[in-house]
Amino acid sequence: MNDLLQVEHLNKLYPGFTLKDVSFSVKPGHIMGLIGKNGAGKSTTLKSILNMVRPESGTVTMLGKDFYGHEKKCKQDIGIVFGGIDFYPLKKLSAITAVTRRFYKDWDQERYNDYLRQFSLDESKQFRSLSNGMKVKYLLALALSHHATLYLLDEPTSGLDPVSRDEILHIFTRIVKDGKRSVLFSTHITSDLDRCADDITYIKNGTVLKSADKETFLHSFEHLRTDRDTGPLSLEKIMLRTEGSDIDETAL
Ligand SMILES: Nc1ncnc2c1ncn2[C@@H]1O[C@H](COP(=O)(O)OP(=O)(O)OP(=O)(O)O)[C@@H](O)[C@H]1O
């Protein structure tokens, strides 16, 4: 089966920041984690893929189609979550859902109601009155309720307590289990990826440092290991050492 997402040579120029030649692909049945420190370009990558910001160049093939040429059709088949966007802050959840539901041909009200219950969401509340974690859960409930094939999620677990994070990671694992769907999500919480990711893409200063299946990825950072490391390096250690901020606590 073909990759569900192929990103090739994506470039986006902001004053003071450039996303440079970003390429990677997501296989069906896989969960890919997008890591990188604050300001590395994770959100810009996801936004450029989705044409939420217009990239200078590059191609995005989604579910076998050129995304920029078939945006409307492709969007039916993808679930998207972007944190930090308080759209319709004064609207009640029920009103936002009513608009969303109309957009998706494959909207599944029963599944949506199940997620409302599972996430303890009250539809009569205004979006702005939700806690940050509840906002993320609500956006996830929308993204998960129209039988998408590909999920593109910007920090979907940030702001969630450990129990809720666990719940969400289980949902991701369940989604990809049939081998036909995929999840791409950015995160700072590398332990979430230790637990559920098949593949990792590491963005540093706007470029892809490494994109590979987790085993190959971890192996390619073996050179960062020191004599004091007993086991393989965790993703967190890899990031800390790559970014040059791995403080030796025994030296303090
Ligand atoms: N609309 C914009 N105009 C100008 N610069 C922007 C814009 N959006 C993002 N940037 C810049 O692009 C760079 C990458 O930002 P981005 O949000 O992609 O990083 P990130 O890896 O998602 O960071 P974080 O982990 O903090 O969310 C930053 O320097 C940011 O200031």
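Derivation of every value follows stated rules applied to the coordinates shown; laboratory data play no part. No experiment lies behind these values; they were computed from the predicted model shown. With ideal geometry, Cβ positions are generated from the backbone for all residues, glycine too; neighbour counts draw on all protein chains shown.
For the chain, adding -39500 (n - 2.57) for each run of n ≥ 4 DSSP H residues and dividing by the number of residues yields -9500 deg cm²/dmol at 222 nm.
Spin-label model, residue 188 to residue 52: label points 7 Å out along the Cα-to-beta-carbon direction sit 1.7 nm apart. The label point for residue 76 and the one for residue 117, both projected 7 Å from the Cα toward the Cβ, are 3.0 nm apart. Length available on full extension from residue 227 to residue 178: 0.36 nm per residue minus the Cα-Cα distance, which gives 13.5 nm. When the C-alpha to C-alpha distance is required to be over 24 Å, the pairs from 47/204; 12/91; 135/177; 27/75; 73/135 that qualify are 12/91; 135/177; 73/135.
On the beta carbon distance between residue 163 and residue 103, with R0 = 22 Å, the FRET formula returns roughly 0.10.
Rg and Dmax, both from the Cα atoms of region 98-162 and both in Å, are 11.8, 34. Considering only beta bridges that DSSP places wholly inside region 126-248, some 55 percent are antiparallel. Near the amide H of residue 149, within less than 5 Å, lie the amide hydrogens of 78, 79, all on another chain or at least 5 residues away, with H placed in the peptide plane.
Ignoring solvent entirely, what values of log10 I(q)/I(0) come out of the Debye formula for the chain at 0.11, 0.13, 0.17 Å⁻¹ when each Cα is a single scatterer? Treating every Cα as an identical point scatterer, log10 I(q)/I(0) equals -0.61, -0.85, -1.37. Using the basic label-point model (7 angstrom from Cα toward the beta carbon), what is the residue 2 to residue 20 distance in nanometres? If labels sit at residue 2 and residue 20, their model points lie 3.1 nm apart. Rounded to the nearest 5, the antiparallel percentage of DSSP beta bridges internal to the chain is 55%.
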